Structures are given as C-alpha cells and as structure tokens.
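Enquirer: Structure incoming, see below.
The values are calculated or read from the model by the stated rules, or taken from the named source; none is laboratory data. Computed from a predicted model, the values in this text were never measured in an experiment. Here the Cβ positions follow ideal geometry from the backbone for every residue, glycine too, while neighbour counts run over all protein chains shown. Surface accessibility is based on the protein's heavy atoms, side chains included, excluding ligands, DNA and RNA. Shrake-Rupley method; radii C 1.70, N 1.55, O 1.52, S 1.80 Å.
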Amino acid sequence: MEIRSLLVEVASTYDANHPGKTSIGVPAQDLLRAVRDRLGPLLPGELEAEGYGGSGGPSSTPWIGFFDPSITRDPKVGLYLAYIFAADLKTVTLTLQQGVTALAYQLGRGKRRREYLADRARKLQSLLPQNAIAGWDVRPSLKSSVDRALAYEAGSVAARVYDIEAMPPEDALREDLWHLANVLQDAALVERGLSEQRSPDGRHVEFVPKKRMQPQGLERFRPRDASDYVAHLPARTLRKTRRHEQLIEAFGGEVQRHGFVPANEGVHPRDLVLRKDGRVWLVEAKTVALGNPTKAVREAVGQLYEYSYFLHEQVDGTQPSLLALFTEEIGAYVEYLEQRGIASVWRTPTGWAGSPSALAVGLIG
C-alpha cells in the first residue's frame with residue numbers, strides 16, 4: 001500500500017464514535033494496526049511504523065508514528081516522526097515530534113507541559129541546519145481541545161500539513177518523509193547535546209549546549225601478511241543494524257532482476273558478492289548517518305580496498321570490481337569514488353540511483 005492511499009483511507013473510514021471502539025474488526029483501527037507491514041518497505045533508514053487509534057477508547061486525533069530504534073521506540077519519550085490526523089479528519093500533519101506523555105509525571109498535563117515543549121522545540125529549531133527546516137515551520141492545528149493533542153501541537157519541531165482532499169502525489173509524500181527522517185537524525189544529535197538549566201524558582205527552563213565530547217580512536221590492527229589478516233577475521237565483531245541488513249536485502253533483489261547472482265552467506269566480512277558473466281563484484285554497504293556521507297564513504301573505501309587486497313588478490317588471485325552501496329545519495333562523493341575505480345549505488349524514495357559506472361554495467365536501471 002502507498003502512503004497516500006493509506007492516509008486517505010484512514011481519514012475516510014476513521015470514526016471516533018464507533019461503537020466497536022478500538023477492537024478488531026473496526027476498519028480504520030485494523031488499518032492502523034497494520035501500518036508496520038503496509039508501510040515498512042517504503043520507509044527510509046531504520047524507521048519502524050506503528051499506528052495509534054487509542055487505547056480503551058478511540059483517539060480524537062489518530063496517528064501513525066515512525067521510530068528510529070537508535071533514538072526511541074517509545075512515543076512517550078524522545079524524538080520521532082508522525083502523521084497526526086486532525087480531529088475533523090480534513091488534514092493530516094507530518095511532524096517531527098517530541099515525546100509528551102512521560103513529561104506529565106514532572107510537569108502535569110496542562111499549560112506548564114505545553115510551555116516546556118514549545119520552548120524546547122524552539123531551541124531545537126534554532127540549532128538545526130536552517131536550510132533543512134525551511135518550509136517546515138508550520139505549527140500543527142489538530143482541531144482538538146484534548147490536552148494530549150494540544151501537547152502534540154506544542155511539541156512539534158518541524159511540520160508540514162496536507163489537505164486530505166488535495167493530497168500531494170505519492171512521490172512528493174515519500175520525498176517529504178525521507179527529508180524529515182534526515183532532519184530527525186540531526187535533531188537527535190542536537191538533543192543529545194542539550195542540557196537544562198532551571199531558574200531558582202524552578203519555573204523556567206533554559207536549554208543550553210553541553211560541552212563537546214572528544215572522539216574516541218579506532219581499535220588498532222596491524223596484520224603482517226594475508227594469513228594474519230584472515231586468521232584475525234573470526235575475532236572481529238561487526239555491528240550490523242537493521243537498516244544495514246534491509247539495504248543489502250533490497251539491493252540483492254534489485255540486482256537479481258538485472259541478471260546478477262548475489263551472495264551474502266559464507267562471504268564474511270564482506271557484505272555482498274555479486275557475479276555475472278564471469279565477473280565478480282565486491283560490495284560494501286553503508287548507512288549514511290545524519291545526512292552526512294563523509295564517514296560512510298571513508299569506511300566503504302577503506303573496507304573495499306582492504307577486502308579486495310587481502311581476501312581476493314592475495315588469497316585467490318582475483319581482482320574484483322568494487323561497489324559502494326548507501327542508504328541515501330552521497331553527492332560529490334560519486335565522482336570521488338568513480339575516480340578511484342569504485343562504482344556507487346544508493347536508495348531513493350522511489351527506487352535506486354547510481355554512478356555512471358554502475359549504470360553502465362547494468363547494476364541498476
């Protein structure tokens with residue numbers, strides 16, 4: 001199911017006064033419960049979708065949350081994305097949202113919590129790249145006097161409102177969601193760098209940046225020869241995220257359609273090996289964090305050269321072709337990699353894109 005059709009169907013079938021409340025068999029509630037599977041293949045990065053139509057009784061403002069597990073899986077705390085429907089079901093707002101529920105224990109459920117959320121939202125906005133949130137400065141209007149809906153309005157960091165009867169095309173919705181997913185990563189980094197300073201009477205909170213922490217160095221490893229390198233491999237622990245594994249799985253399916261034979265079993269520590277017409281492709285997949293490809297590109301280059309030399313040239317005498325695979329576009333690094341004999345491919349909201357050499361050999365298209 002596409003994002004557009006799902007949002008329209010929820011808006012057209014949701015009934016906050018349905019006698020079945022939130023039970024199974026209530027159409028809109030069933031649809032909200034199914035969004036994880038319905039939208040999962042369309043989501044960028046590690047985002048996981050969950051639908052919320054209320055617990056016990058239907059919510060006046062149903063919503064669909066998108067959570068990055070490295071930030072939070074709990075809408076009560078932390079930062080996440082959400083499509084929140086207005087109570088009149090005429091609009092739905094895509095918002096970068098702060099968790100509101102957990103704050104009730106400290107601040108109550110009224111004006112004090114809303115003021116705290118609004119102040120914090122303004123601070124986050126001021127510290128985010130301004131070009132990233134340009135055009136996202138809308139304050140949601142959820143058409144509800146319920147305190148939680150008012151808290152959602154106050155807690156919104158960036159938002160865009162869609163009219164249900166004039167929804168943008170699917171491609172535009174996906175572009176917006178992918179864009180805000182990148183802003184979410186930036187905001188999470190900013191949030192981790194904030195601390196709170198309360199006024200002497202405890203009524204006012206000022207959010208101030210923490211001191212920057214010094215980066216830690218990399219673990220050192222100095223192989224004397226290829227046999228040392230290969231012998232060391234079993235001791236290496238590589239953290240593979242869900243986003244990383246989804247990228248490999250999706251790309252494997254893509255290249256199969258173009259006649260390549262992918263293999264990701266028995267090739268550790270390589271992410272993926274492709275074969276076609278006697279040619280071998282060594283693939284290194286990288287997630288782009290915080291919309292900045294620099295670290296991902298550096299790691300991909302290093303690992304591709306390293307694995308190519310130790311595991312192919314010295315072990316079996318072959319010279320594989322090299323491909324760097326990314327979760328999103330890498331900008332100027334495309335030409336940088338091309339000049340070093342490394343093709344590149346990356347996910348887009350609607351499919352795949354790649355460098356000239358990747359297109360030339362039919363890896364995508």
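Enquirer: Just a yes or no: is a residue in the range 315-325 under 26 Å from the mean Cα position of the chain (by Cα) and either over 18 Å from PHE251 (Cα atoms) or among the polar types (S, T, N, Q) (or both)?
Expert: no
Enquirer: Is there any pair linking a residue in the range 148-170 that is under 29 Å from ALA104 (Cβ atoms) and β-branched (Val, Ile, Thr) to one that is open to solvent by less than 50 Å² (accessible area, probe 1.4 Å) and not in a strand (DSSP E or B), with Cβ under 7 Å and at least six apart or on different chains, and which?
Expert: What qualifies is VAL157/ALA121; VAL157/LEU124; VAL157/ALA187; VAL161/PRO140.
Enquirer: Taking ASP277, is it modelled with pLDDT of 90 or more and open to solvent by 50 Å² or more (accessible area, probe 1.4 Å)? If you could, list the steps in order and put the result at the bottom.
Expert: On the way: modelled with pLDDT of 90 or more: yes; open to solvent by 50 Å² or more (accessible area, probe 1.4 Å): yes.
Yes, satisfied.
Enquirer: Could you list all residues from the range 63-100 that are at pLDDT 95 or above and in a loop (DSSP other than H, G, I, E, B)?
Expert: Answer for the range 63-100, where residues must be at pLDDT 95 or above and in a loop (DSSP other than H, G, I, E, B): ALA86, ALA87, ASP88, LEU89, LYS90.
Enquirer: Then there's this: One residue is enough: does the range 95-117 have a residue meeting the conditions on the phi > 0 side of the Ramachandran plot and touching a residue at least 12 places away in the same chain (Cβ under 8 Å)?
Expert: No, there is no match, as no residue in the range 95-117 is on the phi > 0 side of the Ramachandran plot and touching a residue at least 12 places away in the same chain (Cβ under 8 Å).
Enquirer: Looking only at the range 20-30, decide whether some residue is of a type in the set (Ser, Thr, Tyr), loosely packed, with under 15 Cβ neighbours inside 10 Å and under 28 Å from PRO349 (Cα atoms).
Expert: Within the range 20-30, the subset of a type in the set (Ser, Thr, Tyr) is 22-23.
Next, from what is left, pick out any that are loosely packed, with under 15 Cβ neighbours inside 10 Å: 23.
Now restrict to residues that are under 28 Å from PRO349 (Cα atoms): none.
For the range 20-30, residues of a type in the set (Ser, Thr, Tyr), loosely packed, with under 15 Cβ neighbours inside 10 Å and under 28 Å from PRO349 (Cα atoms): absent.
Enquirer: Please specify each residue of the range 115-162 satisfying the condition of being outside any helix (DSSP H, G or I) and aliphatic (A, V, I, L, M).
Expert: If the condition is that a residue be outside any helix (DSSP H, G or I) and aliphatic (A, V, I, L, M), then LEU128, ALA134, VAL138, LEU142, VAL146, VAL157, ALA158, ALA159, VAL161 are the ones that fit.
Enquirer: So which residues in the range 123-143 are open to solvent by less than 30 Å² (accessible area, probe 1.4 Å) and of a type in the set (Val, Ile, Thr), if there are any at all?
Expert: ILE133
Conditions (1) open to solvent by 70 Å² or more (accessible area, probe 1.4 Å); (2) modelled with pLDDT under 90, marked per residue:
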{"residue": "PRO169", "(1), (2)": "yes, no"}
{"residue": "GLU175", "(1), (2)": "yes, no"}
{"residue": "ALA181", "(1), (2)": "no, no"}
{"residue": "GLU191", "(1), (2)": "no, yes"}
{"residue": "GLY202", "(1), (2)": "no, yes"}
{"residue": "PRO209", "(1), (2)": "yes, yes"}
{"residue": "MET213", "(1), (2)": "yes, yes"}
{"residue": "ALA226", "(1), (2)": "no, yes"}
{"residue": "ALA231", "(1), (2)": "yes, yes"}
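Enquirer: Can you tell me how many residues within the range 93-122 are within 20 Å of ARG192 (Cβ to Cβ) and open to solvent by 60 Å² or more (accessible area, probe 1.4 Å)?
Expert: Looking only at that region, the number is 2.
Enquirer: If GLN256 satisfies all but one of (1) touching a strand residue (DSSP E or B) at 6+ places or on another chain (Cβ under 9 Å); (2) surrounded by fewer than 18 Cβ atoms within 10 Å (Cβ to Cβ); (3) farther than 19 Å from GLY354 by Cβ, what's the number of the condition it fails?
Expert: In the conditions (1) touching a strand residue (DSSP E or B) at 6+ places or on another chain (Cβ under 9 Å); (2) surrounded by fewer than 18 Cβ atoms within 10 Å (Cβ to Cβ); (3) farther than 19 Å from GLY354 by Cβ, GLN256 misses (3) alone.
Enquirer: Got a sec? Which of VAL146, VAL157 is β-branched (Val, Ile, Thr) and open to solvent by less than 10 Å² (accessible area, probe 1.4 Å)?
Expert: The conditions single out VAL157.
Enquirer: How about the range 295-329: which of its residues are touching a Leu at 6+ places or on another chain (Cβ under 8 Å) and of a type in the set (Val, Ile, Thr)?
Expert: Across the range 295-329, the qualifying residues are VAL297, VAL301, THR327.
Enquirer: Being within 20 Å of the chain's Cα centre (by Cα), modelled with pLDDT of 90 or more, under 30 Å from ARG38 (Cα atoms) and of a type in the set (S, T, N, Q), is that true of even one residue in the range 122-132?
Expert: Checking the range 122-132: not a single residue is within 20 Å of the chain's Cα centre (by Cα), modelled with pLDDT of 90 or more, under 30 Å from ARG38 (Cα atoms) and of a type in the set (S, T, N, Q).
Enquirer: If you don't mind, there's one more thing I want to ask. Would you say ALA289 is among the aliphatic types (A, V, I, L, M) and either part of a strand (DSSP E or B) or modelled with pLDDT under 90 (or both)? Lay out the reasoning, then the answer.
Expert: Numbers: among the aliphatic types (A, V, I, L, M): yes; either part of a strand (DSSP E or B) or modelled with pLDDT under 90 (or both): yes.
When the stated conditions are applied, ALA289 passes them.
Enquirer: Please specify each residue of the range 31-74 satisfying the condition of being farther than 30 Å from LEU247 by Cβ, open to solvent by 20 Å² or more (accessible area, probe 1.4 Å) and either without any contact (Cβ under 8 Å) to a residue 40 or more places away in the chain or touching a strand residue (DSSP E or B) at 6+ places or on another chain (Cβ under 7 Å) (or both).
Expert: Taking the range 31-74 and keeping what is farther than 30 Å from LEU247 by Cβ, we get 53-62.
Adding the requirement that they be open to solvent by 20 Å² or more (accessible area, probe 1.4 Å) leaves 54-60.
Correct list: GLY54, SER55, GLY56, GLY57, SER59.
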